[in-house]
Structures are given as C-alpha cells and as structure tokens.
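In what follows, a single structure is set out as structure tokens and then discussed.
The values are calculated or read from the model by the stated rules, or taken from the named source; none is laboratory data. Here the structure is a predicted model, which means the values were calculated and not measured. Methodologically, a virtual Cβ is constructed for each residue, glycine included, from the backbone with ideal geometry; neighbour enumeration extends over all protein chains shown.
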C-alpha cells in the first residue's frame, strides 16, 4: 500500500534545502517500493514553488517517483469533516492550538493509505507517520 508524501518533504527536495533535502530524498527512496502518492491538497500547495507551471510540477513528481493524480473520495470528505469538527471542538475548549485546514485534509486523505511521510508529525495524530 502506498505512502502519502507531505508537501514539506517534496519542497525540501525541489528547493535543495540544505538542511532537509538529503534526509527527505533518502526517506522517499526507502519507501518507493511501497508506492508514493500526493494528496490533491499537497499538489495545490506546491503550485507557488513551480510558479504555477503544472508541466514542471508534474515532471518533478514523476522524477521523484510520486504518483499523481490520486483521487479525492467521499470517504476522504467524511474523514475530513469529522477531523475538522473534532479539531474545532478541542480548540474552543482550549485543548489544542490553531491548525491549518490543509493539514486536516491531508490527514483525512492519508487514512486510506499506509501512512504519511512528513517533517511535521505533531499535526497528524490519526495516521501512521514516518518523519523524513
């Protein structure tokens, strides 16, 4: 079963980040055999780094071995609905801090895959996480 790759890991590699690029690339290489996919939200989050050039972005994803497109399903929507509702309830009671809705959507999408490869494990509590 495939692993979902978080935005930060892909942008580490694309930007040749001096701190994280090597570890992110090694992590993806280690899990390539299981398959790598991106959530449609990650695909959108990456757009500014590629100056909106879809062809360049698709070429990059192909070169690093990440499958695109992976469809968003009704199950993803239902999981996101539940996760966001729970987050807002916890936030209103003062139990959690602010969280980007994009992370909730990525986490919901990831629930039907092996897990998530990310540098931000604290944002994703309902799925298995590998820290790149």
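Against the condition surrounded by fewer than 13 Cβ atoms within 10 Å (Cβ to Cβ) and either assigned to a helix (DSSP H, G or I) or more than 17 Å from the chain's Cα centre (by Cα) (or both), how does residue 91 come out, does it pass?
no
Can you tell me which residue in the range 53-71 is farthest from residue 38 (Cα to Cα), limited to those that are part of a helix (DSSP H, G or I) and in contact with a helix residue (DSSP H, G or I) (Cβ under 7 Å, 6 or more places away or on another chain)?
56
Please pick out the residue among 30, 75 that is assigned to a helix (DSSP H, G or I), under 20 Å from residue 115 (Cα atoms), free of Cβ contacts under 8 Å to residues at least 12 places away in the same chain and more than 15 Å from the chain's Cα centre (by Cα).
After ruling out the rest, the residue left standing is 30.
In the range 1-22, which residue that is more than 12 Å from the chain's Cα centre (by Cα), surrounded by 16 or more Cβ atoms within 10 Å (Cβ to Cβ) and touching a residue at least 24 places away in the same chain (Cβ under 8 Å) is farthest from residue 38 (Cα to Cα)?
20
Report whether or not residue 117 is assigned to a strand (DSSP E or B) and under 16 Å from the mean Cα position of the chain (by Cα).
Here the answer is yes, as residue 117 does meet what is asked.
Out of (1) modelled with pLDDT under 95; (2) farther than 16 Å from residue 5 by Cα, what's the single condition that is false for residue 132?
Checking residue 132 against (1) modelled with pLDDT under 95; (2) farther than 16 Å from residue 5 by Cα, the one that fails is (2).
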